[in-house]
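Asker: This structure is in structure tokens; I'll ask about it shortly.
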Amino acid sequence: MNRSLGLPQATALILGTIIGVGIFNLPYSLSGIGPISIVAMVLTTIGALALALLFAVLSRRVPADGGPYAYARSAFGNPVGFVNAWSYWITAWAGNAAIVTGWVFYVEHFVNKDGVTGWSIVIALIGLWIPALINLSGVKNMGAVQLWTSVIKFIPLIIMSTVGLFFISTANYKPANISGDSDWQAIGAAMAICLFSYLGVECAAVAAAKVRDPARNVPRATVLGTLSAAVVYLLSMIAVFGIVPTATLGEDKASYSVAANVMAGGGTWAGDLTALAVIVSGFGALNGWTMICAEMPLAAAKDGVFPALFGKTSSRGVPTAGILSSTVFGSLAMVVSYMGASGATVFNTLVLMTGITAAVPYAFSALAQLKWRVQDRRAGNGARFARDSTIALVSLFFSILFVWYSRNTGHDDWYVVWGPFLMAGAAFLLGVPVYLSVRNRMTAPPPVPAYE
């Protein structure tokens, strides 16, 4: 087995998939809600850290590739395992479609400044297919790209979360809520969008087959990566909303570039450098998620839960069918979403769709932990029962919240409001014939090891 990812690369995979373009687009996406979105980010961070701790514990007990899929299958059987694998696969390629849409915002800081839809689609297709080619060249090349892009993407976030705090004007935090809804409704709607910025906390567990010493390195990478992202996320969000008035944030898609120009006292050089760093960041996220897009189907195919084609690897040790099919589906989702919609609506709809499909495997992972810990306690092993159960319950609660608030609020057309659910539902329906074709080839889940 080609275990090419050590702790630095596994941590970079977490950071590279968590920190893509989501955080850099959040102020623009949340400008219609207002600075109260910072509260939503704090609550989302609590949920993300609970999920990171959940996956850290689960990955020690079940260090199998596939992460959330493997936990759901081991706990509840093959049918539930398939639903989770299919749901997470949707999350991965639809997430790539959302990432590349946000990535285009910053590329268009330099080219296609008028946002001509046709050219936006061309730029997005380039952003999807170059990472696919890198992944097809082998895990080692993918890991090298991931490591260096993770280093570069931290630069604007660190500057904004430290130096940026000195440029805050508290007047920009008022009014806190401009959505027209109650504060709790506004916070809930913002949380569903904020979740997208934390998708990826489970990626080291998903790619456990590629990680050296997974029982040790997967939990460490998961916690280290998520904590690092959480710190710079919260501080940089506080800075951007405090530096730039909310009305201005809604006028420019490249929010962090706008804030950087204000910090520099005018001109465009600081914003240009920030935009370049975000472009690199988004490229790294696309590179990492392209790998994850193929790893879940690969793990499921080995168990007979996905079509056998997804289980075949090339001479370079990569699942070619998973990479190519995921990139094709991501390209289609991006193109369809661009039809008749603005960039912000496209981004938010895809983001909310991935929140729905990610919440399914997150929730089942929490349920698996609760089931196993109750069984452990009945068998006389109650060590860390309260801690693990609390983390699982918090993770389950946030997973339900993310689905509940995943409506595209602020629109009059019902198909836009419910667009995330309609797209997720259509993607789930596509899985029905796939399940029927593989249900007789599924192998029995392995026994779950004792808790340590």
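Asker: Could you list, in sequence order, all residues of the stretch 74-110 that are buried (at least 24 other Cβ atoms within 10 Å of the Cβ), of a type in the set (Ser, Thr, Tyr) and over 15 Å from Gly127 (Cβ atoms)?
Answerer: Of everything in the stretch 74-110, those that are buried (at least 24 other Cβ atoms within 10 Å of the Cβ), of a type in the set (Ser, Thr, Tyr) and over 15 Å from Gly127 (Cβ atoms) turn out to be Ser87, Tyr88, Thr91.
Asker: Criterion first (in contact (Cβ under 8 Å) with a residue 24 or more places away in the chain, open to solvent by 50 Å² or more (accessible area, probe 1.4 Å) and within 20 Å of the chain's Cα centre (by Cα)) does Leu234 satisfy it? Walk me through it before giving the result.
Answerer: Details: in contact (Cβ under 8 Å) with a residue 24 or more places away in the chain: yes; open to solvent by 50 Å² or more (accessible area, probe 1.4 Å): no; within 20 Å of the chain's Cα centre (by Cα): yes.
So Leu234 does not fit the description; no.
Asker: Okay, next question. Restricting to the stretch 118-137, count the residues that are open to solvent by 30 Å² or more (accessible area, probe 1.4 Å), among the small types (Gly, Ala, Ser) and not in a loop (DSSP other than H, G, I, E, B). Steps first, please.
Answerer: Going residue by residue through the stretch 118-137, those that are open to solvent by 30 Å² or more (accessible area, probe 1.4 Å) are 118-119, 121-122, 125-126, 129-130, 133-134, 136-137.
Of the ones still in play, those that are also among the small types (Gly, Ala, Ser) are 118, 137.
From what's left, not in a loop (DSSP other than H, G, I, E, B): 118.
Final tally of qualifying residues: 1.
Asker: Here's another thing I want to ask about it. Can you go through Lys140, Lys113 and tell me which one is outside any helix (DSSP H, G or I), open to solvent by 40 Å² or more (accessible area, probe 1.4 Å), basic (Lys, Arg) and at pLDDT below 90?
Answerer: Working: Lys140 fails: outside any helix (DSSP H, G or I).
Being outside any helix (DSSP H, G or I), open to solvent by 40 Å² or more (accessible area, probe 1.4 Å), basic (Lys, Arg) and at pLDDT below 90 holds for just one of Lys140, Lys113, which is Lys113.
Asker: If you go through the stretch 182-203 one residue at a time, do you hit one that is over 25 Å from the mean Cα position of the chain (by Cα) and small (Gly, Ala, Ser)? Walk me through it before giving the result.
Answerer: First pass over the stretch 182-203, keeping only residues over 25 Å from the mean Cα position of the chain (by Cα): 182-183.
Next, only the ones that are small (Gly, Ala, Ser) stay: 182.
Scanning the stretch 182-203 turns up at least one residue that is over 25 Å from the mean Cα position of the chain (by Cα) and small (Gly, Ala, Ser).
Asker: So if I check each of Leu370, Leu422, which one is surrounded by fewer than 21 Cβ atoms within 10 Å (Cβ to Cβ), aliphatic (A, V, I, L, M), out of contact with any Ser or Thr (no Cβ under 9 Å at 6 or more places or on another chain) and in a helix (DSSP H, G or I)?
Answerer: Working: Leu370 fails: out of contact with any Ser or Thr (no Cβ under 9 Å at 6 or more places or on another chain).
On inspection, the qualifying residue turns out to be Leu422.
Asker: While we're here: Which pairs turn up if I take residues in the stretch 286-311 that are at positive phi and look for partners that are open to solvent by less than 10 Å² (accessible area, probe 1.4 Å) with beta carbon separation below 8 Å, at least 6 apart in sequence or on another chain?
Answerer: Filtered contacts from the stretch 286-311: Gly304/Val438.
Asker: For Ile178, indicate whether it is modelled with pLDDT of 85 or more and assigned to a loop (DSSP other than H, G, I, E, B).
Answerer: Yes, satisfied.
Asker: Right, next: Given the structure, is Ala301 within 24 Å of the chain's Cα centre (by Cα) and modelled with pLDDT of 90 or more? Steps first, please.
Answerer: Values: within 24 Å of the chain's Cα centre (by Cα): yes; modelled with pLDDT of 90 or more: yes.
In short, yes.
Asker: Right, here's the next one. For the stretch 400-418, enumerate the residues that are farther than 17 Å from Tyr88 by Cβ, open to solvent by less than 80 Å² (accessible area, probe 1.4 Å) and modelled with pLDDT of 80 or more.
Answerer: The one that is farther than 17 Å from Tyr88 by Cβ, open to solvent by less than 80 Å² (accessible area, probe 1.4 Å) and modelled with pLDDT of 80 or more: Leu401.
Asker: May I ask you to list the residues in the stretch 181-206 that are surrounded by 24 or more Cβ atoms within 10 Å (Cβ to Cβ), not in a helix (DSSP H, G or I) and not aliphatic (A, V, I, L, M)?
Answerer: Gly200, Glu202
Asker: Suppose the filter is farther than 14 Å from Leu58 by Cα, open to solvent by 70 Å² or more (accessible area, probe 1.4 Å), of a type outside the set (Gly, Ala, Ser) and out of contact with any Gly (no Cβ under 6 Å at 6 or more places or on another chain); does Leu396 pass it?
Answerer: Values: farther than 14 Å from Leu58 by Cα: yes; open to solvent by 70 Å² or more (accessible area, probe 1.4 Å): no; of a type outside the set (Gly, Ala, Ser): yes; out of contact with any Gly (no Cβ under 6 Å at 6 or more places or on another chain): yes.
It is false that Leu396 is farther than 14 Å from Leu58 by Cα, open to solvent by 70 Å² or more (accessible area, probe 1.4 Å), of a type outside the set (Gly, Ala, Ser) and out of contact with any Gly (no Cβ under 6 Å at 6 or more places or on another chain).
Asker: Could you look through the stretch 312-324, keep only residues that are in contact (Cβ under 8 Å) with a residue 60 or more places away in the chain and on the phi < 0 side of the Ramachandran plot, and pick out the one that is most open to solvent (accessible area, probe 1.4 Å)? Give the derivation first.
Answerer: Keep residues of the stretch 312-324 that are in contact (Cβ under 8 Å) with a residue 60 or more places away in the chain, which gives 314, 316-318, 320, 323-324.
Next, from what is left, pick out any that are on the phi < 0 side of the Ramachandran plot: 314, 316, 318, 320, 323-324.
Numbers: Ser314: 37, Arg316: 142, Val318: 5, Thr320: 46, Ile323: 4, Leu324: 68 Å².
The selected residue is Arg316.
Asker: Specify the residue that is least open to solvent (accessible area, probe 1.4 Å); the eligible residues are those in the stretch 272-311 that are of a type in the set (Asp, Glu) and either under 30 Å from Leu157 (Cβ atoms) or in contact with a His (Cβ under 8 Å, 6 or more places away or on another chain) (or both). It would help to see each step written out before you state the result.
Answerer: We begin by selecting, within the stretch 272-311, every residue of a type in the set (Asp, Glu); these are 272, 295, 303.
Retained after the next criterion (residues that are either under 30 Å from Leu157 (Cβ atoms) or in contact with a His (Cβ under 8 Å, 6 or more places away or on another chain) (or both)): 272, 295.
Numbers: Asp272: 45, Glu295: 3 Å².
By that ranking, first place goes to Glu295.
Asker: When you check Gly34 against the structure, is it within 30 Å of Ser182 (Cβ to Cβ), open to solvent by less than 20 Å² (accessible area, probe 1.4 Å) and either part of a loop (DSSP other than H, G, I, E, B) or hydrophobic (A, V, I, L, M, F, W, C) (or both), yes or no? It would help to see each step written out before you state the result.
Answerer: On the way: within 30 Å of Ser182 (Cβ to Cβ): yes; open to solvent by less than 20 Å² (accessible area, probe 1.4 Å): yes; either part of a loop (DSSP other than H, G, I, E, B) or hydrophobic (A, V, I, L, M, F, W, C) (or both): yes.
Yes: the conditions hold for Gly34.
The values are calculated or read from the model by the stated rules, or taken from the named source; none is laboratory data. Bear in mind the structure is a predicted one, so any value in this text is a computation, not a measurement. Cβ: placed from backbone, ideal geometry, glycine included. Neighbour counts: every protein chain shown. Note: areas computed on protein heavy atoms with side chains; ligands, DNA, RNA excluded. Shrake-Rupley method; radii C 1.70, N 1.55, O 1.52, S 1.80 Å.
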